[in-house]
Structures are given as structure tokens and as C-alpha cells.
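**Student:** Quick one: structure below, then a few questions.
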Amino acid sequence: MLETINLSKSFKGKKVVQDVNLYLNNGESVGLLGPNGAGKSTTISMISTLIKPTSGEIKLNGVNTIDKPGEIRRISGVVPQELALYQELSAYENLKFFGAIYKMTGKELEKGIQQALEFVGLEARQKDLVKTYSGGMKRRLNIAAALLHQPKILILDEPTVGIDPQSRNHILETVRMLNQKDGTTILYTSHYMEEVEQLCDRLYIMDHGKIIAAGTKAELLSILSTEDTIKVELNKLDETFVEQVKTIEGVRKVEASHLQLKIIATKGSNLISKLVHLAEQHHLQLINFHTETPSLEDVFLQLTGRTLRN
Amino acid sequence: MNSVLWVQFCKDKRSPLFILLFIAGSILATLLFAGGVYSPTTVAIFSEEENASEIEKKWESLLNVDNSFKFEIVDPEKARENVKDGNMDVAVMLMETDYRLVATSELPSVSYVQQHVEKVFQREAQISAIAETRGEGDVRSEIESYLADAPFQLETQGLDSEQVPKYNMSTQLLFAFTFLISMFILGLKVNNVTNDKVSGIWDRMILSPMKKTSMYCGYVLYSFLITMFQIIVVLLLFKYVMNYEVGDNLWLVMMIAAFFTFSMISIAMLITGFVRTPEQFYAIYPSLIPLIPLISGAYMMPGTITNPVLLFVADLFPLAHAMEAIMSVIFYDAGLQDVMMSLLFMLLIGVVAMGVGINLIERRSK
């Protein structure tokens, strides 16, 4: 349905997106995962035709949308990261305006407004001013504004930033329903691993403007299939101890935080006995010790050497 | 475009205080600096002669001959106290055939009163002298009927054989302050473009089927309409309620105001093109706007500014052209043809500034 070919964008000579190749099939839910500044927002701004790429192509059913932006604008809805709403107007007035710019009028507009409000659970507060809403309610209205013209592709740019867990769950549920019940194709960007894991069929992991991994969750986890993730809790953390852990045969990555160590090591490295021995040498006490099933977070750590929220 | 107009109107409908305060500010500034409601200046008169009441009555009727001043008989002590406290600029102490002015300083108003009183006393002195010589008959009536159809009459005429008009500074200040406030209103409305860009609403509109031309037209037209509303309300109020001299050709005055508004909106758009955030606009625009009437000489009598550099800079802004055209219409009965040059200047400034401004805004978006 939609694909990007070697999509790149430079600002003042600095490449912020480099040769991004991704595709979305009809009715699919695709996640674009990466830390802040990875180039996710620039990528979706190019896909939604808000900014022109420096090079590369974007094709919607074979039609180049850089030359014909109207093709994708007509069938897509974009939920921006910022709250693109008039705070001094009511939710109803906001939606009336956003519907009107899509040339919706009369009964069609009224029906669209009520459907969108119902979808995000704001129909009871539609006459209230947006500035009186909680952060979560504003985020939901931000989504409703993109749903008015019933888009086939919904592009969401970090729609859950800065809201409480309850509102986040509500938004995730709304997006899931849109995808599963209405068959809307979803492109969801986030730096929250759990959201993308929960919602998306396929994932693209971005860092420093490049796609560094792509596939289903299982495919991405298979990157770590030859590795174990071990978490060790100590009574105190000693830098020389950490440095010596890194030198143990089979250890690939070590991340220390507070009194914990997260170690990614080759399967069957017989790490436990070596760690116990090393802790004794440093007069450290092992308080807790367990092997974890690898997560996408671990995949990201493995690929980039840092965590998503660094 | 209609939806942009509608949403901007909804925002102002929700909080109309902003516009109302600006309109009130415009009225107050004019009242404060242009002398308030147009009414004759009251001057206290009194006498301390033996036949004080007789003298006061005689001179009261002789002094109150036109609408410029209203001479009122006041108790001598009270008149002196009022002048001393600054409640009055001047009072007139009357004598049988002479007068004294009671004032604390040489204010312009004291000179005006003195000119008027001197004229009346000289005339009376002349009539008395003639009456003494003739010794019989009603000399005053005779002189008045003779002067009504005198063999030599002095008539002042303008270049176009019309009567020389009186220049009214209050009218000029009325327009100067009205336009000053209107520049603030239109600027803050044009800044909604930057506000909506920063909030992401602009992007939502870009992604919609709405054309960019319609988007810009919506913002520009709304700024225009709301500014014209302020100008019209203030002018009608001053013309019909406060009796200011706004001329008879109100439609032409409104037309000039419309050209001025469009031209200033374009300048505001040009400034929008240079800034990145609404806050930058709020910092730059209000600092720049109060300078325009000063450079354009809007607060001064025509011809006060003679420096060619300042005159050139003033010509770059629409205010100088608008003031010149409006004053010509009000005081010299200028028609559309006469103010065409000023209108064209304003249109030119408007088109150039709008073109460059929108170009800068669009470049910044890429």
C-alpha cells in the first residue's frame, strides 16, 4: 500500500534521516520505534507530505506522493506529537473546524463529529473548553481531530507523550480498535517499547536517522536468540567489578544502574559460577540473580549499545 | 477560507475582552490627548468694583459672542482659588472699561482668552469713543448695521477659491490614536498564523484539502475585518456622540482606512516572516509600532517634520499616506481623485510587504 524508498532528509547539511526503506500493507499496524531524535518525526512528516525529502521516494499504491501529495492527504489522518487544538474553544468547535477544512458540512459533519467523540470517549464533555481538559483528554481529542474524515491510514506521532497510564491505555485501546475493527492501517511512532509491542504487527527500529532493524516482534527477538539476559543485584556496586564482568568470556554487554547489573551474554557461557567467584573476590554480596527472557528493549540495547530512553 | 474566518471569530467571541479593551483604549487615548468631548472652554469672570454685578452682566453678554469660550460669572475668591489650584488656566477680572487676567503661567489657553477679551474690549472702547463724539442716537445699532454691509469687506479664500479651512488638531489626533490601536489589533491577529504554526494547527490545515491561498486569505481577511470594526466603531462614536469633525465624506475616509488596514496587515505579515515564534513577534511588533506615528508625524501639526531622511522613512509606512489623505478629505474636501496617489502608495506597500512576508513564511516551512 505505502512504501518509502531510500528516503533521506538533510537540514543545513546535516542528515537527519538516511535511506529509510519501509512499507505498510493494507490494514497492518506498524510501529516505528526509536529514542528521541532518532528521526521518527521527520520520517512521518515526509510520509504525510508535510516536508519534502531531500532524496528518495514515497509511493502509495505505486503513485509517487512527493509529486502528488493530494493522493495520500486524502486518505490519511495525522495525529501530531503536539496538541494541535484551539485551547480556547470547545471540543465540538474544534472538531467542527477540522471537519470543515476537510469540506465536511451539515449532517455529514455532525455525524463525523459525534462518531469521533464517541470513539475517543469524549461525547459527554464535547461542549467544554479544551483548556479545561486533562492532558489525557486533550490527547484523545487530538486523535479524534484526525479521525473525522475517516482516513484509511492513520499516522500517529508519539500520541501518548506526557499522560497518565489510564489515558494511555484508553488511547492504545482506541488505536487497536481502529486497526482491528475498522481495518485502518496504522503507522505508530513511539519511544515506549511496551506500546509498540502491544499494538503493532511489525516494527522498524530507528536510530540516528537510520532503520537499524525491522521485522515482526518474534523476528526481532530472534536477534537475541543466541543470548541470555541476566540481572544481578548486589549489596554495592564496584566499578572494577563491573569492568571485570565485561572481560568474562561470552559477555557482550553490561549495563549498570543503581545496585543492578544487566548482562547480555552468549547462551551457555556458564556465567553464574564466574560471577559468584568474581563477587567473592571483590567482597560483594549477591542479593538477587535471575535470567530474563529477552525483550525488544534488549534488542535495542544490543543494536545500539544504549537504552531507548537514553 | 470561511472555516478559518469562523474559527478566528469563535476565539474572539469566547474572549471579547481583548478587542473591547483595545477599542476603549483607542477612545480613551483620543479623549486624553485630543481634549475630550468637543465643547467650549469655560472662563470665569468677576468684578471687584463697586457696581460689580452691573459690570459683570454687561461684559458677560459682550464676551459670549461665539462658541469658542463660555464666560461665566464666578465669585472672585472662588475664581482666584480655582486658578491657584490649577482647576482653571485663567480667570478675567473685569473693570468698567478695562480688564486683568488672573493666571499662574503663560499657557497657550491664556493667550487665546486674552486675544478674545482684548478684541471685545477694544471694540467696546471704539464704540464708546464714537458715541462720545456723536453724543446722540444708538451708535451701536448703527455701527452693526453699517458693518453688516460695509463698502469694503475682507474675505479670505483658499487656492481653490473656497473658504480657507480651519485645521483641527483634535481630528488629527483622533485618527492618529485610532490607527495606532488598530495597528496593535491587526498585528496580534496576524500573529495567529505563527501561533497556529507552532501549535501544529497549521499543519493540520496543510494536510487537508484546503488551499494555502484560502488559509492565508482567512487570516488576512479576519485581521482586516476586526480592525475595520474597531476603526468604524471609534469614528462613528466620535462623529455622532462626541461631535468631532470627521468630515462629511465618511465613505472616503473609511476607504482610506481600509487601504491603510490592508497595508499594515501586510507589514505585520512581513514581520511574521522574520520571526520563528509568536513570542518573538510579541517582542518585536509592539516595540516597532509606537515609532511609526512618531516618524510619520501623526501627533504633530503638518509640516513639523522637515528632515528629509525622516520624511523618506515615514513614506515607507502607510500611516503617513493615510493621515495625509484623510486630513485632505476632512479639511480640504478632497475627493477620490485627489487621494488616489496616497491610496496607490498604500496599495504598493501592501502588495510588496505581503508578497515578501508570505514568501519568508513559506521558506521557513521548507
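**Student:** Please verify whether B:I326 is modelled with pLDDT of 90 or more and either β-branched (V, I, T) or not in a helix (DSSP H, G or I) (or both), treating the condition exactly as stated.
**Tutor:** Details: modelled with pLDDT of 90 or more: yes; either β-branched (V, I, T) or not in a helix (DSSP H, G or I) (or both): yes.
So B:I326 passes the test.
**Student:** Let me ask something additional. So A:P80 clears everything in (1) touching a residue at least 12 places away in the same chain (Cβ under 8 Å); (2) open to solvent by less than 10 Å² (accessible area, probe 1.4 Å) except one condition, right? Which one?
**Tutor:** A:P80 satisfies every listed condition except (2).
**Student:** Okay, moving on. In the range A:65-84, which residue that is charged (D, E, K, R) and either under 22 Å from the mean Cα position of the chain (by Cα) or facing chain B (nearest Cβ under 8 Å) (or both) is farthest from B:M205 (Cα to Cα)? Spell out how you get there, then give the answer.
**Tutor:** Just the residues of the range A:65-84 that are charged (D, E, K, R), to begin with: A:67-68, A:71, A:73-74, A:82.
Filter again for either under 22 Å from the mean Cα position of the chain (by Cα) or facing chain B (nearest Cβ under 8 Å) (or both), leaving A:73-74, A:82.
Values: A:R73: 11, A:R74: 12, A:E82: 15 Å.
Once the filter is applied, the top-ranked residue is A:E82.
**Student:** If you don't mind, another one. Hand me the list of strands (runs of 3 or more DSSP E) wholly inside the range B:3-100 holding 2 or more residues that are within 14 Å of chain A (Cβ to nearest Cβ) and in contact (Cβ under 8 Å) with a residue 40 or more places away in the chain.
**Tutor:** Numbers: elements: B:41-47, B:69-73, B:90-94.
By residue number, no strands (runs of 3 or more DSSP E) qualify.
**Student:** Taking B:N191 as the residue in question, decide whether it is surrounded by 15 or more Cβ atoms within 10 Å (Cβ to Cβ) and modelled with pLDDT under 80.
**Tutor:** Details: surrounded by 15 or more Cβ atoms within 10 Å (Cβ to Cβ): yes; modelled with pLDDT under 80: no.
Against the criterion (surrounded by 15 or more Cβ atoms within 10 Å (Cβ to Cβ) and modelled with pLDDT under 80), B:N191 does not qualify.
**Student:** For B:V253, state whether it is among the hydrophobic types (A, V, I, L, M, F, W, C), open to solvent by less than 70 Å² (accessible area, probe 1.4 Å) and at pLDDT below 90.
**Tutor:** On the way: among the hydrophobic types (A, V, I, L, M, F, W, C): yes; open to solvent by less than 70 Å² (accessible area, probe 1.4 Å): yes; at pLDDT below 90: no.
No, not satisfied.
**Student:** Being under 18 Å from A:L259 (Cβ atoms), more than 34 Å from the chain's Cα centre (by Cα) and of a type in the set (D, E, K, R) is the filter here, so list the residues in the range A:274-294 that pass it.
**Tutor:** A:E280 - this is the single residue of the range A:274-294 that is under 18 Å from A:L259 (Cβ atoms), more than 34 Å from the chain's Cα centre (by Cα) and of a type in the set (D, E, K, R).
**Student:** Name the strands (runs of 3 or more DSSP E) wholly inside the range A:1-105 in which the number of residues that are under 26 Å from B:E362 (Cα atoms) is 3 or more. Explain how you work it out, then say what you get.
**Tutor:** On the way: elements: A:2-11, A:14-24, A:29-33, A:55-60, A:76-79.
Counting at least 3 such residues, we get A:2-11, A:14-24, A:55-60, A:76-79.
**Student:** A further question on this structure: Report, by residue number, each residue of the range B:46-77 that is more than 33 Å from the chain's Cα centre (by Cα) and charged (D, E, K, R).
**Tutor:** B:E48, B:E49, B:E50, B:E54, B:E56, B:K57, B:K58, B:D75, B:E77 - these are the residues of the range B:46-77 that are more than 33 Å from the chain's Cα centre (by Cα) and charged (D, E, K, R).
**Student:** Sticking with this one: Could you tell me how many of the residues in the range A:89-104 are at the interface with chain B (Cβ under 9 Å from one of its Cβ atoms), hydrophobic (A, V, I, L, M, F, W, C) and in contact (Cβ under 8 Å) with a residue 12 or more places away in the chain?
**Tutor:** Qualifying residue count for the region: 2.
**Student:** Take the range B:203-258 and flag every residue that is touching a Phe, Trp or Tyr at 6+ places or on another chain (Cβ under 7 Å) and away from chain A (no Cβ under 14 Å).
**Tutor:** B:F224, B:Q230, B:F238, B:M242, B:N243, B:Y244, B:V246
The values are calculated or read from the model by the stated rules, or taken from the named source; none is laboratory data. Worth saying up front: this structure is predicted, and the values here are computed from it rather than measured. Using ideal geometry, Cβ is built from the backbone for each residue, glycine included, and neighbour counts are taken over all protein chains shown. Side chains included, ligands, DNA and RNA excluded: accessible areas come from the protein's heavy atoms. Shrake-Rupley method; radii C 1.70, N 1.55, O 1.52, S 1.80 Å.
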